[in-house]
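A short write-up of the structure that comes next.
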């Protein structure tokens, strides 16, 4: 793959022309290699020669997670002998989907994370502490490792969990940044305080965070981000957003004003429920078209993630589209007593309540056929007064109060991390 890393600093018009040139190549490849898309083009009577611009994508159907689940093998574009790596999605809203990667796809994945890390301000002089798994069919951990290697940085592969080992590694190897799920930083802080470790004097200067939102749409830190920063204020907290399906990422630069698109690797649209582009300033479903993927490329894939997007130039000099933190997943939208909610809004409240150690949000259909919310709270305080305090906070923040049920933090931790899971589960949809 030809590397054009400086394209992100070109004018918006140049970026658009570049992507449209690449789009034509991708459509030709899909028509020649993907049985799913070849059938789609034929059945929809699509003249690919007329799809010339980003706007022309609106003439094509979208691809959904259901398509991937029901017709998984039809998306594979290469012979099995060309497949080097197999991964699966996390299965957030259903059964995991298998993805295959060729040798070239692995090179592309490595290059993506090289771009991601350099966007975040990292370089060859850094040492990365990898606090995510490399196994369990997980694409991201492998991508981070390969990207750091391509950048020339050192890597120490600690994996997730085990605060004692994390701090021992920081002491021994002096890493300069970490890849981490941000709520785990709270556990690292708590361990350090219990064991007399001066975490603000550690070598970590940057935490690149995955899986959980750190910022509000106005770029201010949300409750989780602020809670970390108030204690461990030395590292810069930066977010990176990605998915197995897109095989690319959107990463914040040091200005921390949204995750930057990498124009060489992906085209992004923001669509409403009718698959039309949302108006400026409106949140939309992140919809992606991969560029350069050969094993399982996707065209207009609706990720289910709802984000705001920004187009004004960034102070870092890039002119690329930027994404907000994920507001929520479309399939996880809750209609509760006339109020529309996404789980992250509930997490933001719970993360700010002293005495709440952990939690799981359950949504189910009640006897009236409408959504109801039960929050299982892990806490040592299990009184009616504390339940009322929690409910009052919900009423003040989102106008409605869910049912609160207390349990031990150990019990909630077991619900959050079932045996086959590689991510903490905070949301259970029983509808």
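The values are calculated or read from the model by the stated rules, or taken from the named source; none is laboratory data. Treat the numbers as computed from the prediction; the structure is a model and nothing was measured. Backbone-built Cβ (ideal geometry, glycine too); neighbour counts: all protein chains shown.
The residue that is surrounded by the most Cβ atoms within 10 Å (Cβ to Cβ), counting only those in region 248-269 that are in contact with a helix residue (DSSP H, G or I) (Cβ under 8 Å, 6 or more places away or on another chain) and part of a strand (DSSP E or B), is 252. Taken over region 99-110, residues that are within 18 Å of the chain's Cα centre (by Cα) and part of a helix (DSSP H, G or I) amount to 2. Of the listed requirements (1) over 30 Å from residue 82 (Cα atoms); (2) crowded, with 24+ Cβ neighbours inside 10 Å, residue 313 misses just one: (2). With respect to the stated conditions, residue 135 fails to be at pLDDT 95 or above, more than 23 Å from residue 252 (Cβ to Cβ) and in the same structural domain as residue 240 (by TED's automatic domain parsing). Could you list, ordered by first residue, the pairs with Cβ atoms under 9 Å in which the first is in region 55-76 and assigned by TED's automatic domain parsing to the domain that holds residue 23 and the second is assigned to a helix (DSSP H, G or I) and at pLDDT below 95, at least 6 apart or interchain? Short answer, once both residue conditions are applied: 56/50; 59/50; 65/331; 74/67; 75/67; 75/68. Checked against (1) at pLDDT 95 or above; (2) surrounded by fewer than 19 Cβ atoms within 10 Å (Cβ to Cβ), residue 289 passes all but condition (2).
Residues that are assigned to a strand (DSSP E or B) and over 14 Å from the mean Cα position of the chain (by Cα) were ranked within region 307-341; the one that is farthest from residue 269 (Cα to Cα) is 336. Taking the condition over 21 Å from residue 311 (Cβ atoms) and in the same structural domain as residue 99 (by TED's automatic domain parsing), does residue 40 pass? In short, yes. Evaluated against (1) at positive phi; (2) touching a strand residue (DSSP E or B) at 6+ places or on another chain (Cβ under 6 Å); (3) not in a strand (DSSP E or B), residue 292 falls short on exactly one condition, (2).
Being crowded, with 18+ Cβ neighbours inside 10 Å, touching a residue at least 40 places away in the same chain (Cβ under 8 Å) and over 18 Å from residue 259 (Cβ atoms): is that true of residue 204 here?
Answer is yes for this residue.
Within region 59-71, the presence of at least one residue that is modelled with pLDDT under 95, touching a strand residue (DSSP E or B) at 6+ places or on another chain (Cβ under 7 Å) and in a helix (DSSP H, G or I) is confirmed. Restricting attention to region 295-306, the residues that are buried (at least 21 other Cβ atoms within 10 Å of the Cβ) and part of a loop (DSSP other than H, G, I, E, B) total 5. Here residue 53 meets each of (1) under 20 Å from residue 261 (Cβ atoms); (2) not in a loop (DSSP other than H, G, I, E, B) with one exception, condition (2). Among the residues of region 160-173, the one identified as surrounded by 14 or more Cβ atoms within 10 Å (Cβ to Cβ) and farther than 24 Å from residue 142 by Cβ is 167. Looking at (1) over 23 Å from residue 324 (Cβ atoms); (2) surrounded by 18 or more Cβ atoms within 10 Å (Cβ to Cβ); (3) touching a helix residue (DSSP H, G or I) at 6+ places or on another chain (Cβ under 7 Å); (4) at pLDDT below 95, which is the only condition residue 130 fails? Against the list (1) over 23 Å from residue 324 (Cβ atoms); (2) surrounded by 18 or more Cβ atoms within 10 Å (Cβ to Cβ); (3) touching a helix residue (DSSP H, G or I) at 6+ places or on another chain (Cβ under 7 Å); (4) at pLDDT below 95, residue 130 comes up short only on (4). Right, residue 334: surrounded by 19 or more Cβ atoms within 10 Å (Cβ to Cβ), modelled with pLDDT under 95 and farther than 30 Å from residue 106 by Cα or not? Judged against the criteria, residue 334 is a match. The strands (runs of 3 or more DSSP E) located wholly in region 347-431 that include 2 or more residues which are over 23 Å from residue 211 (Cβ atoms) and more than 28 Å from the chain's Cα centre (by Cα) occupy 403-407.
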